[in-house]
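Read-outs throughout are calculated quantities, based only on the coordinates presented, and are distinct from any laboratory measurement. From a predicted model like this one, the values you see are computed outputs, not experimental measurements. All Cβ positions, even for glycine, are placed from backbone atoms using ideal geometry, and neighbour counts span all protein chains on display.
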Amino acid sequence: MIYLTEFFSAFLTAVMMENLLFTRAIDIPNLYKKRSFQQTLIVGALLTGIVTVSSIPAYFLNGLFKSHAAFVPYMTLSFLLLNGAVFLGFYFGIRRFLPKLFSLMEKFLPFYGVNCVTLGTLLIAARLSSGTKFLSFFGYCFGSGVGFTIALLIMWSIRQKMSLSHTPKTFRGLPITLIYLGIVSLALFGLIGNQLPA
Amino acid sequence: MSFFHWLATGSSRGIYLEQKKEPALSKPALPFYSAATLQSQPFQHGFDITKPLDKKQLTEIAAMAHIIDEHDGKALAKKLEQCPKKKISVVCADAIDDEPYVSSQINPLLHHRLEIVQALNWLADAFEADSRFIAVYKNMSALDTKIPSRIESVEVRRMQGRYPMEIRAFHDLGSDTLIVGTAALLHLYRAVTEGRVQTTAFVTVNGNCITNPCNLEVTIGTPVSQLLERCGLSLDPSFVVEGGAMHGILITDPEKTAVRADTRSVMAFHVDRKEQLYNCIGCGRCIEACPVGLNPQKLYQCVTTHHLQKAVSLGLNHCIGCSTCSYVCPSRMDLSYVISSEKQKLSEKTEQ
Amino acid sequence: MNLTFVRKYNRFLRKTDGIFTHNPLLVLGLALPLAVIPSYGMTAMVAVSAAMLICFVPTVFIASIIGKRVSSPWRVILYPLISCLLLILSRSVVQRISVLIFDTLGVYFSLICVNSLLMYSVEQVLPKKPLDALAFALRQWVGASLVAFLCAVIRELLATGSLWGITVLKDVPRLPVAQMALGGFILLGFLAAFCRLVHRIVLTLTLRAGAAQNENDLADKERSETQK
Amino acid sequence: MNSTIHHAPYIRHTESSRTIMSDAAIALVPLYFMSYFYYGSRVLLVGGVSILTCLICDWICGYLLQRKLNLRDLSAAVTGIIISMMVPPAVPLYVVVAADLFAILVCKAPFGGTGKNLFNPAAGGLAFATICWSNQMFLYTQPLQRLPMQLDETVTYLQGPTATLKLGGIPRLGLTELLLGNFPGPLGSTFTLIILACLIYLIARRAIKWYLPVSFLIPVAMIAAYNHPFGVSPLESVANELFAGSLLFVAVYMLTDPATTPKYNISRILYGICAGILTMVFRYISPLEMSAVFAILLMNALAPAFDCFCEWLLPKMQPVNNETALDEGGNQQ
């Protein structure tokens, strides 16, 4: 039972407290593209999949780095290689097993493979104080993937209303996106109070 | 409309409008004849009235008297000719005025009851209709005269309904009913008894800048400006409307427009609405008011931001143009004008 | 604003394409994490932009050299790998700026090697020749770090009233929220809106100049016809 | 006839958006009387400053955005009143002004003015002030003490009952004190009886829907009753939760802002329930006392999603009378 609470506490902190997009401002390459509801879910599922799959080997690598302090500068390199390997596995896997999905997002698949979200989550989870236990490491990575999908859904929902109303010309497009990202991050900051997350 | 639709959108097949019919309804129709009516020669139809008239004779009289039915603007004779093709089981006299301020059909019924009922009986006997009734709008509040429930053996049925009620009420009656306006019945009675040609029409003159609003029996062809002078203008009207306050057509030049047989009302309104500066505050009242259960606010936004595909998916083609959403909108936005003109453009585009 | 000035101004804009017209941070919205979080203070911002110079510009240069030979899934792994190696080299340079830079920056220092600005410029640079690619990368870097530097100055002044740690404004009430993520988002949003406003004003001026020019031509033509 | 073109319905409903704005303002003004009775004239100073900054800011932004100055648009005044209601009575003025500026300049103007804002400006302003100056925002004073206009040392600052609730303690407040708001709390949002009366007034004036505040309060009451602290009966814990603090005020005034709530009945109910659950989640996790404001901001972001869900659900749930709705609409044309 205690494992479950460990997993869920890490999961909840990753989803609500330290949401990737709103409190840590980590984005994927074309974040502001117009996506339908299904496309948002597909992108979110892909990111969550890659992060959770790559979090298992990352945990053992992290154990290695914790013991030998000298290799710390190479941690990003190793996580990047790991992330790349998992992404290639996904890429060729989707090409073979799900050709329809593959043809649907042919051009953008590489962008959703290796980016700030996937690598960032692994690095943040490695720095976590409770990173030593596997379940909280895995829960944190899975939670941040799900948290990022929820963030994309929130952006999709805001876009539904914004596209129908006349925002002033100087704020249309990117400026208004950044402002409402700021306001939602203000809302989520209510959870953390006013300390500054690293 | 299913219960779920009401639960979801809260729209309840339209809203009740306050009718404000009162000063015009209870006063009898005042004659306002011009030379044409006074000099019109009565004609001899040659049938004796004691025996019950049959279909052919009635259509002939209607043709000679050039009666035009103000319920749908068609000639009464042509309507009666088309009837023998299908069996008529119900004959209904239309006295429903669900547009606010307008009482041009209920007024002749109240003040010429016997003649109209007599004409209705002739028609019903001629067509061997099983039942006959007079349809009157139920949700009229603050009336001075009491509307009877029966006029000597003909039942006055009080049809209940929310605003765009006339179309829906007659749609539910089914296709084997003959619906004739009360004014046409009155003209038929006069043609049969005195052999008079129809030269007049019943018009309500109303509006917030008319000094004494009333119903007039006007010769067809008199210009609208004379009507307005006849009833007196207390303010300079912002606009004059012909044919009902919710649906009417704007009269740009009252001198040139003439009263036709099926004009039901002439309204003069003075609106001090300064250039309205509000935009939609999203109160959702138009969603509750829409009788077809659409979302006028989102349609308006889709149309103004050129998302036509989304508007069509939200049901732009189901809009019946009843303009209740603009009536209810607190920010005075022209929702129904924008939506129905967009629908017009779309249907023209699809036809090409 | 007559048309000659407009032509000169447009040529200047084409020359500084990445800095004023297509600024990666304000107009394209790339490199969000590097613009919003590290710009809480000038020290962090200078460290990040120095690291960006060292690892972003050479990677884009190499990308233009490699060009299309590498297929797209492999390319997405190769260039972050290169920039990550360069990042390890740049650690020693950044160390000299301030001692505790790595724990304040934390994750964001190592995110430099994967950010969306890199992904975007690598795709843009493929058809270009190496020298143009280098100029393009430099312009992007200058544009990004200018804006980030401006954000850092504003946020640090607002939040702690200090610049590079030295307190400048003493009695002004502090706004601690400016150093949080939301301060960065909203400040960047308003800067982007201001940049859009300037762009629109310049556009209307050039259009008006163009219109004025047409009237002059019409007037000259009529004068020439009347003289004939 | 004047030149402006008039379109199809030539008569309009008597109620205009001015009346809706004045309804909201009328529903808020009685709270000022009660707080004047409790805290003295400083309340009017704070309220006046807040309303003025909001109105002036809104007019300037209105002019900048649409070039048409509409002096009769009072929606910013309502925002100003709500912000002045939720701050403590002895709050320094720059906090209120900063909250107003943030509310109008960031939450309302960039989105396009009165009807187009996505987030409730009052909620945004208060969230900003709570995060920036969280200690000034939660220092209350004992009611029935006359507060001097200028703050000097005679003012004693106290912790409100929400602070004890947050620490898991039990604020021993009788029901009458809770209903009358006779405990150290925000300026105007603790007078439960008056708020309930204004709620009934608003429902009667059809300005808000009754099921929105109710669907917000039910999950809050259930969760509060479910994990009540040890020595307290569930009912008392519910009363403490709802009335000791500004939760009821938020439910009646901020949740029902017409521009930011979804438009369909079902999505409104879902919106209220999710907002209630989120408020309780925020209340237990976040270190700040007043967490309803943050939950509402987050829910405003999700409101369009509820609308789209409802639109997606509608055709699905009525396959049978889809034809009748279609042909009924169709042949009427």
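Please state the charge dipole magnitude for the stretch B:195-326, taken about the Cα centre, from unit charges on C-beta atoms (+1 on K and R, -1 on D and E), reported in debye and rounded to the nearest 20.
Around 380 debye, computed over the stretch B:195-326.
About the Cα centre, and with charges only on the beta carbon of Lys, Arg (+1) and Asp, Glu (-1), how big is the dipole of the stretch D:17-314? Nearest 20 debye, please.
Here the stretch D:17-314 has a charge dipole of around 620 debye.
Using only alpha carbon positions, build the gyration tensor of the stretch C:46-85, then give the equivalent ellipsoid semi-axes as the square roots of 5 times its eigenvalues, largest first, whole angstrom.
Those come to 22, 10, 6 Å.
How big is the charge dipole of the protein assembly as shown about its Cα centre, in debye rounded to the nearest 20, if each Lys and Arg gets +1 on its Cβ and each Asp and Glu gets -1 on its Cβ?
It works out to roughly 3560 debye.
For the stretch C:1-152, take the alpha-carbon Rg, divide it by the Kirkwood Rh, and send me Rg/Rh.
Rg divided by Rh gives 1.01.
Quick test of the membrane-span-like rule: which DSSP H helices of chain D reach at least 27 Å along their long axis (C-alpha atoms) with mean Kyte hydropathy at least -1.0?
Length and hydropathy pass: D:17-39, D:42-66, D:265-285, D:292-317.
Ignoring everything except DSSP H segments at least 4 long, calculate the 222 nm mean residue ellipticity for chain B; use -39,500 (n - 2.57) per segment, divide by total residues, nearest 500.
Rounded to the nearest 500, it is -9500 deg cm²/dmol.
Going by Cα centres, the stretch B:278-325 and the stretch C:92-126 are how many Å apart?
With the stretch B:278-325 and the stretch C:92-126 each reduced to a Cα centre, they are spaced 49 Å.
If contacts are Cα pairs under 8 angstrom and at least 6 residues apart, what is the relative contact order of chain D in percent?
17
If you average the sequence gap of Cα pairs under 8 Å that are 6 or more apart and divide by the length of the stretch C:57-148, what percent do you get for the contact order?
Here the relative contact order equals 55 percent.
What lysines could a cross-link reach from B:Lys20, if we take a straight Cα to Cα line under 22 Å and drop same-chain neighbours fewer than 8 places away?
Within reach: B:Lys138, B:Lys146.
For D:Lys263, which aspartates and glutamates qualify as cross-link partners when the Cα separation must be under 20 Å and same-chain residues fewer than eight apart are set aside?
Correct list for D:Lys263: B:Glu288, B:Asp334, D:Glu15, D:Asp23, D:Asp307, D:Glu311.
Report, as an integer, the average count of C-beta atoms from other chains found within 10 Å of each Cβ along D:83-90.
Average neighbour count from other chains, rounded to a whole number: 0.
Using a 10 Å cut-off on Cβ atoms, rank the peptides B:323-335, B:14-26, D:230-242 from the highest mean neighbour count down.
For the peptides B:323-335, B:14-26, D:230-242, the packing ranking is B:323-335, B:14-26, D:230-242.
With just the Cα atoms of the protein assembly as shown, tell me how far they stretch along each of the three principal axes, in Å, largest first.
123, 91, 71
Among rounded, prolate and oblate, which fits chain A when a ≥ b ≥ c are the square roots of the eigenvalues of its C-alpha gyration tensor, a/c under 1.5 means rounded, and a/b larger than b/c means prolate?
Oblate.
Mean separation of Cα pairs under 8 Å and 6+ residues apart, divided by the residue count of the stretch B:275-351: what relative contact order is that in percent?
Normalised by residue count, the contact order of the stretch B:275-351 is 34 percent.
Report, in deg cm²/dmol and to the nearest 500, the calculated mean residue ellipticity at 222 nm for chain A, where each DSSP H run with n ≥ 4 adds -39500 (n - 2.57) and the sum is divided by the residue count.
Mean residue ellipticity at 222 nm (helix-derived): -23000 deg cm²/dmol.
Taking every residue in B:242-251, how many Cβ atoms of other protein chains lie within 10 Å of its Cβ, on average?
Counting Cβ atoms of other protein chains within 10 Å of each residue's Cβ and averaging gives 2.
Using the Cα centre of the stretch C:1-153 as origin and beta-carbon charges of +1 (Lys, Arg) and -1 (Asp, Glu), tell me which of C:Val107, C:Pro24, C:Leu85 is placed farthest towards the positive end of the dipole.
Going by the charge dipole, the pick is C:Pro24.
May I have the pair-distance distribution P(r) for the stretch B:275-351, computed from all Cα-Cα distances with 10 Å bins from 0 and rounded to whole percent?
Result returned by the calculation: 20, 56, 21, 3.
Regarding chain B, what is the average projected area of its C-alpha convex hull, in nm²?
So the Cα hull casts an average projection of 20.4 nm².
What is the Cα radius of gyration of the stretch D:17-314 over 2.2 N^0.38 Å, N being its residue count?
The reported ratio for this selection is 0.96.
If you wrap a convex hull around the C-alpha atoms of the stretch D:11-130 and split its volume per residue, what is the figure in Å³?
101
Which percent, nearest 5, of DSSP beta bridges in the protein assembly as shown are antiparallel?
Here the antiparallel bridges make up roughly 50 percent for the protein assembly as shown.
If you find the alpha carbon centre of the stretch D:149-174 and of the stretch D:109-148, how far apart are they in angstrom?
Centre-to-centre distance over Cα atoms comes out at 18 Å.
Which listed residue (D:Ile269, D:Ile20, C:Ile66) has the Cα farthest towards the positive end of the charge dipole for the protein assembly as shown, taking +1 on Lys and Arg C-beta and -1 on Asp and Glu C-beta about the Cα centre?
Value: C:Ile66.
222 nm [θ] for chain C, helices only, -39500 (n - 2.57) per DSSP H run of 4+, per residue, to 500?
That comes out to -25000 deg cm²/dmol.
Take each of the peptides C:195-202, C:221-228, average the number of other beta-carbon atoms within 10 Å over its residues, and list them starting from the highest.
Highest to lowest by the protection proxy: C:195-202, C:221-228.
Please work out the C-alpha center-to-center distance from the stretch A:41-95 to the stretch B:194-246 and express it in whole Å.
Here the answer is 83 Å between Cα centres.
Below 29 Å, Cα to Cα, which lysines can C:Lys68 reach? Residues fewer than 8 away in the same chain don't count.
Qualifying lysines at Cα under 29 Å: A:Lys33, A:Lys34, A:Lys100, A:Lys107, C:Lys15, C:Lys128, C:Lys129.
Would you please put C:149-156, D:272-279 in order of how densely packed they are, using the mean number of other Cβ atoms within 10 angstrom per residue and starting with the highest?
Packing proxy ranking, top to bottom: D:272-279, C:149-156.
Hey, got the average number of other protein chain Cβ atoms within 10 angstrom for residues in B:199-212?
0
When only DSSP loop residues count, what GluC sites (Glu not before Pro) in the stretch B:233-300 have their Cβ near at most 16 other Cβ atoms within 10 Å?
Those satisfying the criteria are B:Glu255, B:Glu275.
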